[in-house]
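Colleague: Provided herewith is a single structure, encoded as structure tokens, for subsequent inquiry.
What follows draws every value from the coordinates through simple rules; no lab data is involved. It should be emphasised that the depicted structure is a prediction, and the values quoted were computed from it without experimental measurement. Glycine gets a Cβ as well: all are built from the backbone with ideal geometry, and neighbour counts include every protein chain shown.
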Amino acid sequence: MADKLSPDLEHLGATLTAATARAAAARRHRLLLMRRVVACIAVAWLVFAASPSHLGPAQPPGGGLVGPQNAFASRPLDPCDPPHGTAESCLVDSPPPQVR
């Protein structure tokens, strides 16, 4: 075994070693990606399972949180500030202190 191998066999050995190393690296990479995907799925499942089920929907059943139907549906709280400037006969009995 002390004799040197022929150049063809030396080249074949180097090529096989490189191919085996590439295959092992690809296998390690696929395994790493699979572990990450499984971890993400597990975390998503835990978040879903840990979220309280008694919470209602994110939006009220009547529609969106902000919309034109909500802006015009409620009456203004201040009698002197109605929509469209129709406060012709507005008399405030006791104005707030900053107005006096």
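Colleague: Determine the shape class of the stretch 1-51: with a ≥ b ≥ c the square roots of the Cα gyration tensor eigenvalues, call it rounded for a/c under 1.5, and otherwise prolate if a/b is greater than b/c, oblate otherwise. Don't jump to the answer; show the numbers that get you there.
Modeller: Values: a/c = 13.23, a/b = 6.11, b/c = 2.16.
Taking the square roots of the gyration eigenvalues as a ≥ b ≥ c, the stretch 1-51 is prolate.
Colleague: Return the loop-located trypsin sites (Lys or Arg not before Pro) in the stretch 1-49 (DSSP other than H, G, I, E, B) with at most 14 other Cβ atoms within 10 Å of their own Cβ; answer none if there are none.
Modeller: On the way: sites: K4, R22, R27, R28, R30, R35, R36; in loops: K4.
Within the stretch 1-49, the qualifying trypsin sites (Lys or Arg not before Pro) (loop, at most 14 other Cβ atoms within 10 Å) are K4.
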